[in-house]
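The values are calculated or read from the model by the stated rules, or taken from the named source; none is laboratory data. These figures come from a predicted structure and were not determined experimentally. Every residue, glycine as well, gets a Cβ built from its backbone with ideal geometry; the counts of neighbours run over all protein chains shown. Remember, those area values only see protein heavy atoms, side chains included, never the ligands or the DNA or RNA. Shrake-Rupley method; radii C 1.70, N 1.55, O 1.52, S 1.80 Å.
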Amino acid sequence: MPFIRDGRILIQKAFAEHYAMPSFNICSLEMARACVEAAEKERAPIMLQTGPDDLKHASPYVMSQMIQALAEEADVPIMLHLDHGDSEERVAKCIRAGYSSVMFDGEHYALGENVARTKSLAQIVHAAGASLEAAAGSFGAGEGSSSDDVHLTDPEVAEALATDGQADMVACSVGSMHGQPSHIDMKRMKSIAKAINKPIVFHGGTGIPKEDIAKAVKLGLVKLNIGAALIRASLKAFNTATPTTKWHYDIYRTVHDECVAAARDKIRTAKANRKA
């Protein structure tokens with residue numbers, strides 16, 4: 001199936017049909033192939049995403065070409081997203097490289113500046129035929145710093161980014177934390193959903209209970225970021241290697257199998273199975 005170049009196509013479909021797409025952080029061919037295979041087994045549309053740390057391993061162009069090649073051989077929809085875009089320059093590089101979607105993380109700016117920068121980027125991103133995610137909150141360690149601070153989302157801030165900032169989806173902090181078990185504040189989630197009536201993103205998706213996700217998708221959750229689950233699966237595979245392990249292929253095969261199992265579980269949790 002062709003690579004989905006305009007992320008808004010899949011995002012709006014998920015929003016209308018009340019399911020979320022897992023957006024898997026990947027930094028290698030093994031991880032990407034495993035997620036695509038999991039999507040095919042579950043008949044699910046998925047996002048693959050790269051953050052600033054992932055892009056230290058390969059340029060946006062290399063990542064984009066790799067994912068597009070995998071998507072062309074797959075029979076389910078695949079799109080590519082920039083996670084935690086930390087500057088206009090990085091967003092622009094990923095758009096030029098052919099990403100389907102990008103995040104601009106302007107959470108550290110004052111609200112007015114965050115909205116203005118988001119709006120400016122939205123015009124560029126939309127002209128390129130891609131989607132834009134804005135940040136209305138923070139999710140603790142895992143955002144390029146060692147800070148465990150979590151800044152919960154104010155519904156009015158989310159509304160400003162969705163309306164004035166023209167973002168296609170808004171990352172909302174309602175209890176989830178990067179790499180840690182967490183629960184969703186459903187009262188806050190409902191207030192945000194009512195305020196913006198637009199697709200919502202959760203970061204720190206690995207640690208959110210299935211029952212919370214099931215409720216959130218009914219309120220507009222369309223993108224569930226998954227990073228820790230694949231990292232742990234990969235490390236588990238590498239830790240099985242011994243001094244007598246003969247071939248690196250054996251380790252890669254185990255990484256692949258562990259990541260497929262983890263990805264399939266998260267696809268089902270997000271209610272994306274059988275949506276392709």
TODO: Please enumerate the residues belonging to segment 215-251 that are part of a helix (DSSP H, G or I) and hydrophobic (A, V, I, L, M, F, W, C).
DONE: ALA216, VAL217, ALA228, ALA229, LEU230, ILE231, ALA233, LEU235, ALA237, PHE238, ILE251
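Return yes when ARG33 is more than 15 Å from the chain's Cα centre (by Cα) and either surrounded by fewer than 19 Cβ atoms within 10 Å (Cβ to Cβ) or assigned to a loop (DSSP other than H, G, I, E, B) (or both) and no when it is not.
Here the answer is no, as ARG33 does not meet what is asked.
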TODO: Evaluate the following for ALA71: is it among the small types (Gly, Ala, Ser) and within 15 Å of PHE3 (Cβ to Cβ)?
DONE: yes
- [ ] Could you grab the pairs with beta carbons closer than 6 Å, sequence gap of 6+ or different chains, first residue in segment 179-193 and crowded, with 17+ Cβ neighbours inside 10 Å, second one in a helix (DSSP H, G or I) and acidic (Asp, Glu)?
- [x] ILE184/ASP212
Open item on the list: I need the full set of residues from segment 237-276 which are over 24 Å from GLY204 (Cβ atoms), among the acidic types (Asp, Glu) and under 26 Å from the mean Cα position of the chain (by Cα), in order please.
Closed with: ASP257
Task: Given (1) of a type outside the set (Val, Ile, Thr); (2) in a helix (DSSP H, G or I); (3) surrounded by 17 or more Cβ atoms within 10 Å (Cβ to Cβ); (4) more than 16 Å from the chain's Cα centre (by Cα), index of the condition PHE3 fails - done: (2)
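With respect to ILE226, determine if the residue is under 20 Å from ASP105 (Cβ atoms) and open to solvent by less than 20 Å² (accessible area, probe 1.4 Å). Spell out how you get there, then give the answer.
Details: under 20 Å from ASP105 (Cβ atoms): yes; open to solvent by less than 20 Å² (accessible area, probe 1.4 Å): yes.
So ILE226 passes the test.
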TODO: Looking only at segment 80-98, count how many residues are of a type in the set (S, T, N, Q) and in contact (Cβ under 8 Å) with a residue 60 or more places away in the chain.
DONE: 0
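State yes or no: is GLY220 without any contact (Cβ under 8 Å) to a residue 40 or more places away in the chain and open to solvent by less than 30 Å² (accessible area, probe 1.4 Å)? Walk me through it before giving the result.
Values: without any contact (Cβ under 8 Å) to a residue 40 or more places away in the chain: no; open to solvent by less than 30 Å² (accessible area, probe 1.4 Å): yes.
In short, no.
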Task: Filter result (under 29 Å from ASN114 (Cα atoms) and among the charged types (D, E, K, R)) within segment 58-88 - done: ASP83, ASP86, GLU88
TODO: Taking only segment 174-214 into account, find how many residues are within 18 Å of the chain's Cα centre (by Cα), in a helix (DSSP H, G or I) and hydrophobic (A, V, I, L, M, F, W, C).
DONE: 2
Task: Odd one out for SER59, checked against (1) within 17 Å of the chain's Cα centre (by Cα); (2) at negative phi - done: (1)
Open item on the list: Only one of GLY98, GLY112, GLY85, GLY51 is at pLDDT 95 or above, of a type in the set (Gly, Ala, Ser) and in contact with a His (Cβ under 8 Å, 6 or more places away or on another chain). Can you tell me which?
Closed with: GLY51
Open item on the list: Return the residues of segment 13-30 that are touching a Ser or Thr at 6+ places or on another chain (Cβ under 9 Å) and open to solvent by 10 Å² or more (accessible area, probe 1.4 Å); say none if nothing qualifies.
Closed with: ASN25, CYS27, SER28, GLU30
Open item on the list: Among the residues that make up segment 175-196, is at least one of them among the acidic types (Asp, Glu) and more than 29 Å from GLU30 (Cα to Cα)?
Closed with: yes
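Taking ILE231 as the residue in question, decide whether it is open to solvent by less than 10 Å² (accessible area, probe 1.4 Å) and more than 16 Å from ALA135 (Cβ to Cβ).
On the way: open to solvent by less than 10 Å² (accessible area, probe 1.4 Å): no; more than 16 Å from ALA135 (Cβ to Cβ): yes.
So ILE231 does not fit the description; no.
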TODO: Look at segment 13-28 and say how many of its residues are among the hydrophobic types (A, V, I, L, M, F, W, C) and either free of Cβ contacts under 8 Å to residues at least 40 places away in the same chain or part of a loop (DSSP other than H, G, I, E, B) (or both).
DONE: 4
